[in-house]
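Below is the structure I would like to discuss, written out as structure tokens.
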Number of protein chains: 2
Amino acid sequence: MPSSLPLAMLIVFGSAKLLSDLFERIGLPGIAGEILAGVLIGPSVLHWVSPNETMKALSDLGVLFLLFSIGLDVRLADLLRVGLLSTFVAALGEAIPFLAGWGILLAWGATPHAALFMGAALVATSVGISASVLKRRNLLHHRASQIILAAAVIDDVLGLIVLAVVSSVARGRFNIAEIVLTAALAAAFVVVTAIWGTKVVSRIFPHFHSRLRADEAQFDVAMILLFSLAVLAFYAGVAAIVGAFLAGLALAGSADSRVRNLTRGVTELLVPFFLAGIGLNFDIGIFRSRSTVLLALVILVAAIATKVLGCGLATLPAGWHTAMRVGVGMIPRGEVAMVAAQLGLSMLILNAAVYSVIVFVVVASALLTPPLLKIAFTGPMGRAP
Amino acid sequence: MPSSLPLAMLIVFGSAKLLSDLFERIGLPGIAGEILAGVLIGPSVLHWVSPNETMKALSDLGVLFLLFSIGLDVRLADLLRVGLLSTFVAALGEAIPFLAGWGILLAWGATPHAALFMGAALVATSVGISASVLKRRNLLHHRASQIILAAAVIDDVLGLIVLAVVSSVARGRFNIAEIVLTAALAAAFVVVTAIWGTKVVSRIFPHFHSRLRADEAQFDVAMILLFSLAVLAFYAGVAAIVGAFLAGLALAGSADSRVRNLTRGVTELLVPFFLAGIGLNFDIGIFRSRSTVLLALVILVAAIATKVLGCGLATLPAGWHTAMRVGVGMIPRGEVAMVAAQLGLSMLILNAAVYSVIVFVVVASALLTPPLLKIAFTGPMGRAP
């Protein structure tokens, strides 16, 4: 066994937990500390750990288990109750960022196709960061948290459609039937799994305990469900984490405390790899050109303001406080933005500078969300409003 | 996120648990089923999963957590009580396999250097398989289990020395001072960590609970100790799993049920990747040449018989039953054999056929040990003797 794996584990896990503790001590959210730990140990600063295949896998597993464990803590009925509102939140929270990203890149002098890709990169929220903050601060039972989770799932389906449309346009072969099929498949997967998953699981799951020989049969079955739905989600076109969330949701009523404790162990070990993993992608190269820095800052401000505006406006019927919380909770961008950036780069539509701007927005929005969420939920002075 | 990770997780974890359950149903040890699952899904049979970097990392983490959790279940005093006996077990259990491997390859017409490498490949026991069986069957409190664990740690240090000597000889620059230094460093690491680790940890560990802000501060600190000792073990020249075992041992008195439950979750998820990972390495290519098959079978029989003989003889003072159990428990070969094989191949001392013979012995000895251990502990009819 090479030393590199235990050493990398030690550096990532240790630095994430250390900075998380330091941040909490000075009143900042620990999660921002864990992301910053990734920036510090990554290629741009100390260069102790590089974002290789293994770190990517641990990060992917971390966010998979994070969303699974959040699904375990949420009741489907609560999500369905905010379903219609969340659909508006997702839709308006995608339309405004798309227009902003597209407009800014056109004004910056980029090609129309590049502008479309920047729009697509800004649409989809990556719920991992907000979910992590809400879970760690025991805020999942808030109405705003439930809107954020439901909207994030719908947002992922919509984001997929936007990306499919944009890349079809860029390829010059826009096939409406194909797009509709993609959208229908993704939506069908989410609806069927969400509605029927709980019913099927609650009927089947208890039987495994008596039928299987393994000591931890229920946990084993839960893991198999988690990986199966993550795979199915991927083939249905949505993010694997949506499948993981739906798996947790399906098990929420059936899983006993043993399954929850064992899941907690995996989550506690792996989530720092997800959070620090975001920071690892930070590329200092962006600061070499002044115009790139300017673009990055403009896009970052737009990315934040448009989500807060779009999602907040849609949530206004639920009250001002809830609207602010939902708006802030939907800020972080993640996988979909990275996919759009990589796709644009590989299709020679985006250049390296615009690519690194998108990566910067992902890292910076992840870093800024935890403190903003903390303020939105407890007020700037830490008092609950 | 590519689908390949959730899909690979599903295939490896699912097939390992499925075969484990089937094996237990027909009275065979589930662990052999998990190893066989790796053979089936691996490149030689179905080719669903190949042994890539991520699978290797999950496998390495699996055995690291396995040995850590076994350390948590063992008391240092029990190991020290069998310390002298275990030293004999390790020494005699290395000398006889070394002579057998060396003699057989000379008789087969290999070069003297190749014969030395085969000897070195057969010396070191890989305790993961036996430890997994003993833990899963609740046999860790047996005197034989304690001898196996203590002997495996000493065996690892001795195996390192043998490998260092053999590769010095093969390189033609045998430096006695360097070998002595290597041996002293490894032995010092094990002794110092084993004796002082528990004392230091039991004094420091309780403070973290009150001082740190994290919800799972004790688990976080346990993880950092685990990775730190794994890294130190590697730099001291012994296997990372020895460091993991010592970390568990140091925490055995201090860790509460919360730390144990969270560790259990990680272990339950990752150990199948270690077990199936052994099977993934199986190479069907060995069966292409009749003389290679013959050599593989002769070496396999020798590898098994000489460990049983050497370790059993050394344990005879503790009684016939204990001697058989220890002999069988020390059969599996693992990392050290693979390192010797890869080193020999890269130094052009071993050819591809002899290399694949060593890999075959690792997989086959891992597959055969669980049923043999079951017989040694409970008798062929499943009754405790």
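What follows is calculated from the coordinates using simple rules that are stated; it is not laboratory data. What you see is a predicted model; the values in this text were computed from it and never measured. Methodologically, a virtual Cβ is constructed for each residue, glycine included, from the backbone with ideal geometry; neighbour enumeration extends over all protein chains shown.
Work out the mean other chain Cβ neighbour count within 10 Å for the residues of B:252-262 and drop it here as an integer.
Numbers: counts 0, 0, 0, 0, 0, 1, 3, 1, 2, 7, 9.
Other-chain Cβ atoms within 10 Å of each residue's Cβ, averaged: 2.
OK, next. Rounded to the nearest 0.05, what FRET efficiency do B:L99 and B:R203 have when you use their Cβ-Cβ distance and R0 = 35 Å? Numbers along the way, then the final one.
Values: r = 46 Å, r/R0 = 1.31.
The pair B:L99/B:R203 has a calculated efficiency of 0.15.
Within segment B:84-128, find all residues whose amide N lies under 12 Å from a label point positioned 7 Å from the Cα of B:V169 along Cα-to-beta-carbon.
B:98-103, B:106, B:112-121
Given 0.36 nm per residue, what is the gain on full extension from B:N351 to B:Y235 after removing their alpha carbon distance, in nm?
38.8 nm
Here is a follow-up. Determine the distance separating the Cα centre of segment A:120-146 from the Cα centre of segment B:202-241; give it in Å without decimals.
Between the Cα centres of segment A:120-146 and segment B:202-241 lies a distance of 31 Å.
Here's something else I'd like to know. Give me a single rounded figure for A:214-222: the average over its residues of other chain Cβ atoms within 10 Å of their Cβ.
4
Here's something else I'd like to know. Shape of the protein assembly as shown from its Cα gyration tensor (a ≥ b ≥ c, root eigenvalues): rounded if a/c is under 1.5, otherwise prolate when a/b > b/c, or oblate?
prolate
When you count, for each residue, the other Cβ atoms within 10 Å and take the mean per peptide, how do B:309-317, A:58-66 rank with the highest first?
Numbers: B:309-317: 21.2, A:58-66: 26.3.
Per-residue mean Cβ counts within 10 Å order the peptides as A:58-66, B:309-317.
I've got another one for you. Any idea what log10 I(q)/I(0) is at q = 0.13, 0.15, 0.22 Å⁻¹ for segment A:247-385, Debye with uniform C-alpha scatterers and no solvent?
Results for segment A:247-385 at q = 0.13, 0.15, 0.22 Å⁻¹ read -0.77, -0.95, -1.23.
Put a label point 7 Å from Cα along the Cβ direction on B:H321, then list its distances to the equivalent points in the other copies in nm, shortest first.
Counterpart label points of B:H321 in the remaining copies fall at 6.8 nm.
Run the dipole for segment B:94-236 about the Cα centre, Lys and Arg Cβ at +1, Asp and Glu Cβ at -1, nothing else charged, and hand back the magnitude in debye, nearest 20.
Dipole about the Cα centre, nearest 20: 260 debye.
Taking each residue in A:266-276, count the Cβ atoms of any other chain within 10 Å of its Cβ, then average. What number comes out?
Averaged over the peptide's residues, the number is 3.
Okay, moving on. Label position 7 Å from Cα toward Cβ: report the copy-to-copy distances for A:G103 in nm, one decimal, ordered from shortest.
Going from nearest to farthest copy, the values are 8.6 nm.
When the Kirkwood radius is taken over all Cα pairs of chain B, what Stokes-Einstein diffusion coefficient follows at 20 °C and 1.002 mPa s, in µm²/s? Working shown, then result.
Details: Rh = 21.1 Å.
Rounded, D is 101 µm²/s.
Residue by residue, what Karplus-based ³J(HN,Hα) values in Hz, rounded to whole numbers, does segment B:58-70 have, using 6.51, -1.76 and 1.60 with θ = phi - 60° and x for Gly and Pro?
Calculated HN-Hα couplings, in order: 5, 5, 4, 5, x, 6, 4, 6, 4, 5, 4, 5, 6 Hz.
What is the calculated FRET efficiency for A:S210 to B:I375, with r their C-beta to C-beta distance and R₀ = 25 Å, to the nearest 0.05?
0.30
Right, something else. Calculated FRET efficiency, B:A107 and B:D78, Cβ-Cβ r, R0 30 Å, to nearest 0.05? Please list the in-between numbers first.
Values: r = 42 Å, r/R0 = 1.39.
Step by step, r from the Cβ atoms, then E = 0.10.
Exactly which trypsin sites (Lys or Arg not before Pro) in segment A:1-83 are in a DSSP loop and have at most 15 other Cβ atoms within 10 Å?
A:R75
If each of B:E53 and B:L294 carries a label point 7 Å out from its Cα toward its Cβ, how far apart are those two points in nm?
4.3
Copy-to-copy spacing for A:I375, label 7 Å out on the Cα-to-C-beta vector, in nm, shortest first?
When each copy's label point is compared with this one, the spacings are 7.2 nm.
Also, quick follow-up: Taking all pairs of different Cα atoms in segment A:276-357, averaging 1/r and flipping that mean, what Kirkwood radius in angstroms comes out?
The Cα-based Kirkwood calculation yields 14.4 Å.
Please give the calculated 222 nm ellipticity per residue for chain B, where each DSSP H segment of at least 4 residues contributes -39500 (n - 2.57) and the sum is spread over every residue; nearest 500 deg cm²/dmol?
Theoretical 222 nm ellipticity from helices: -27000 deg cm²/dmol.
Step through the table entries A:K307/A:K374; A:K135/B:K135; A:K135/B:K17, compare each Cα-Cα distance with 26 Å, and write down the pairs that go over it.
On the way: A:K307/A:K374 17 Å; A:K135/B:K135 34 Å; A:K135/B:K17 30 Å.
Flagged as over cut-off: A:K135/B:K135; A:K135/B:K17.
Each residue of segment B:72-89 in order: what ³J(HN,Hα) in whole Hz does its phi give by Karplus 6.51 cos²θ - 1.76 cosθ + 1.60, θ = phi - 60°, with x for Gly and Pro?
Rounded to whole hertz, the list is 4, 8, 10, 9, 4, 4, 5, 6, 5, 4, 9, x, 5, 4, 5, 5, 5, 4.
Please compute the Kirkwood hydrodynamic radius of segment A:118-158 from all pairs of different C-alpha atoms, in Å with one decimal.
Across segment A:118-158, the inverse of the average 1/r is 10.8 Å.
Starting from the 7 Å offset along Cα-to-Cβ, what nm value, one decimal, do you get for the label separation of A:V192 and B:I26?
Inter-label distance under the simple model: 3.4 nm.
Measuring from the axis that superposes chain A on chain B, report the chain A residue with the minimal C-beta distance, rounded to whole Å.
Of all Cβ atoms in chain A, the one nearest the axis gives A:G265, 1.
HN-Hα J couplings of segment A:46-51 from phi, Karplus 6.51/-1.76/1.60, θ = phi - 60°, integer Hz, Gly and Pro as x?
Rounded to whole hertz, the list is 7, 6, 7, 9, 10, x.
Could you work out the percent of alpha carbon pairs in segment A:4-117 separated by over 23 Å, rounded to a whole number?
59
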